[in-house]
1. Does the range 426-440 contain any residue that is in contact with a strand residue (DSSP E or B) (Cβ under 9 Å, 6 or more places away or on another chain) and in contact (Cβ under 8 Å) with a residue 12 or more places away in the chain?
2. Under 30 Å from residue 19 (Cβ atoms), among the charged types (D, E, K, R) and surrounded by 18 or more Cβ atoms within 10 Å (Cβ to Cβ): which single residue out of 470, 464 fits that description?
3. What number of residues in the range 355-377 are closer than 30 Å to residue 91 by Cα and loosely packed, with under 13 Cβ neighbours inside 10 Å?
4. For the subset of the range 219-237 comprising residues that are modelled with pLDDT of 90 or more and not acidic (Asp, Glu), which member is farthest from residue 365 (Cα to Cα)?
5. How many of the residues making up the range 454-477 are small (Gly, Ala, Ser), modelled with pLDDT of 75 or more and in contact with a helix residue (DSSP H, G or I) (Cβ under 9 Å, 6 or more places away or on another chain)?
6. Among the residues of the range 153-162, is there at least one that is in contact with an Asp or Glu (Cβ under 9 Å, 6 or more places away or on another chain) and basic (Lys, Arg)?
7. Scan the range 115-155 residue by residue and report those that are in a helix (DSSP H, G or I) and not polar (S, T, N, Q).
8. Being in a helix (DSSP H, G or I), open to solvent by 60 Å² or more (accessible area, probe 1.4 Å), among the β-branched types (Val, Ile, Thr) and farther than 30 Å from residue 357 by Cα narrows it down to one of 17, 37, so name that one.
Amino acid sequence: MRVTNQMMSNRMMLNLTRNMNRMDNLANQLASGKRITFPSDDPILAARALKFRTSLRETQQYMRNVGQGLSWMGATDAAFIGVTEVVTNMRNNFNSAINADKQLQERQAIINTISQMKAQLGSFMNTPYAGRYVFSGFRTNHPPIFEVDQPDLVFAVEQHFRFADMETTNVIQRDSSNPLNAVQLREGVRIIKLAYAGNIPEIEVSLAGWTGNLVPFNAANAHIADLTAYDPDPDDIHFIEATGELILGSNVANLLQSNEMNVRFVREGFTAGELNPKIYFNSFDISESTSTSADALDVFGYTAQDLIDYNIAHFHNDIGSITDQRLEFEFSFNTRIPINTLARNVVTDKLHADLRELIRFVNSMEGMLSNPQALEQAIRNAEPNWTDEQVQAALTQQIAAENSQINTAMQNRFNSMLARIDTHYQQISRQEADHGSRMQRLDMIRLRLEEDQLNFRELISDNEDADLAEVATFMAMARAAYEASLRVGASVLQLTLADFIR
């Protein structure tokens with residue numbers, strides 16, 4: 001076969017170009033450290049690289065989610081520690097107050113400490129994270145506990161009670177018309193405490209099988225001066241507005257053992273330290289409504305269009321078992337974990353009401369004792385023939401009896417509160433354990449994501465990174481081949497027809 005000079009030149013240029021391209025490719029690998037520059041360099045390698053990089057970005061986003069979730073839950077965890085410590089200190093104070101040797105002033109000093117602890121619980125429930133309240137469910141811009149007075153707010157509130165929410169205790173009243181037997185101790189009173197006391201113009205109670213009457217006591221001092229307030233007929237319920245108490249007759253209490261009591265009421269105005277109904281209850285904001293106090297309960301028909309409703313569709317499945325308003329992040333494929341805990345499940349409205357009523361009860365005891373001068377005069381009027389010694393003996397005896405009654409009532413209240421605070425503490429512990437288990441799970445997810453990130457980086461490196469030592473060797477070989485092709489080409493191209501003619 002004849003090989004022309006043109007064919008040799010073309011073949012030589014083709015090989016020269018191939019060697020040049022190979023050396024250029026190796027030079028790019030040395031400069032960039034990557035095996036490919038364009039997808040066309042190696043489509044299979046490029047497709048695998050895209051998949052690995054997508055997985056890495058997903059993992060990095062999941063890690064950012066984990067970081068935010070752990071930060072939120074860390075703020076919640078710190079609040080739980082504070083709440084647990086406060087409730088433990090409360091229990092210690094209640095245990096101290098039970099001591100029969102404690103005087104009224106000592107118990108009042110204890111209750112002042114409890115008041116400060118109650119305020120601190122509110123501060124923990126209002127724990128913020130990045131400007132949002134961690135215990136507020138979906139409404140992270142609203143504090144669970146009012147931080148300032150809200151005198152213009154009017155809410156229709158719905159609460160649910162079971163037999164376990166009823167407290168059977170002793171109460172002290174004062175019969176101002178009978179100075180010789182003014183202090184009255186009433187035992188075995190069955191009480192349901194609402195979340196609020198005072199400024200409740202409307203209330204309705206529903207209980208399956210109940211056909212008695214709801215009797216309101218609206219006077220500010222009805223719980224002290226009206227001796228019938230804590231003595232309802234067996235089928236009746238007394239509502240004492242000033243204390244927010246429902247006093248149950250014996251038959252009503254029996255019905256409550258197997259049924260749930262639903263209470264709906266209107267509350268006008270709120271003060272700092274009270275529960276925010278937007279967070280805690282199935283409620284309606286009727287502040288801007290055309291409804292008045294007289295017909296405000298109509299909003300529970302859910303028909304008014306000018307009202308703002310809260311928690312209607314997803315408040316609870318069961319009493320004490322709130323399942324909705326969960327702030328969930330996605331921390332890996334198809335893995336979503338709620339990061340929040342609801343205030344109503346930690347410092348419950350029942351705990352708030354128990355503390356409020358205990359504080360009120362103890363602080364009201366000082367006014368229960370008879371004035372010694374007035375009592376002495378009443379004894380002299382009743383027994384004008386008694387000697388001074390007899391009057392003083394009767395005075396001493398009655399003051400001692402009053403102190404004994406008050407002491408008995410307070411011991412009973414603190415004993416009852418000691419048992420109830422244990423129940424509240426167990427509720428807090430359950431929520432803290434649930435929070436801790438979710439936080440522990442999230443921390444394990446974080447560790448796994450860190451391993452995944454490391455693995456994906458290694459896979460990307462194995463898939464894309466060039467072996468520089470190997471590339472350098474190939475580069476030297478390619479350079480030698482290229483230089484050889486240049487020399488050969490130069491010698492071939494130097495021979496022309498004139499050379500052969502000579």
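The values are calculated or read from the model by the stated rules, or taken from the named source; none is laboratory data. Since this is a predicted model, take the numbers as computed values, not measurements. Backbone-built Cβ (ideal geometry, glycine too); neighbour counts: all protein chains shown. Accessible surface areas use protein heavy atoms only, side chains included; no ligands, DNA or RNA. Shrake-Rupley method; radii C 1.70, N 1.55, O 1.52, S 1.80 Å.
1. Our first condition is that a residue be in contact with a strand residue (DSSP E or B) (Cβ under 9 Å, 6 or more places away or on another chain); within the range 426-440, this holds for 438.
Subset that is in contact (Cβ under 8 Å) with a residue 12 or more places away in the chain: 438.
Checked the range 426-440: at least one residue is in contact with a strand residue (DSSP E or B) (Cβ under 9 Å, 6 or more places away or on another chain) and in contact (Cβ under 8 Å) with a residue 12 or more places away in the chain.
2. Numbers: 470 fails: surrounded by 18 or more Cβ atoms within 10 Å (Cβ to Cβ).
Within the list 470, 464, the selection yields 464.
3. From the range 355-377, those closer than 30 Å to residue 91 by Cα are 355-369; that's our starting set.
Still in the list and also loosely packed, with under 13 Cβ neighbours inside 10 Å: 366-367.
Counting residues in the range 355-377 that are closer than 30 Å to residue 91 by Cα and loosely packed, with under 13 Cβ neighbours inside 10 Å gives 2.
4. Of the residues in the range 219-237, the ones modelled with pLDDT of 90 or more are 228-237.
Restricting the remaining residues to those that are not acidic (Asp, Glu) gives 228-230, 232, 234, 237.
Values: 228: 19, 229: 17, 230: 16, 232: 23, 234: 28, 237: 25 Å.
Filtering first and then ranking leaves 234.
5. 1
6. Let us first name the residues in the range 153-162 that are in contact with an Asp or Glu (Cβ under 9 Å, 6 or more places away or on another chain), namely 153-156, 159-162.
Among the residues that remain, those that are also basic (Lys, Arg) are: 162.
Yes, the range 153-162 has at least one match.
7. First, the residues of the range 115-155 that are in a helix (DSSP H, G or I): 115-125.
Hits for the range 115-155 are 117, 118, 119, 121, 122, 124, 125.
8. Answer to the check: 17.
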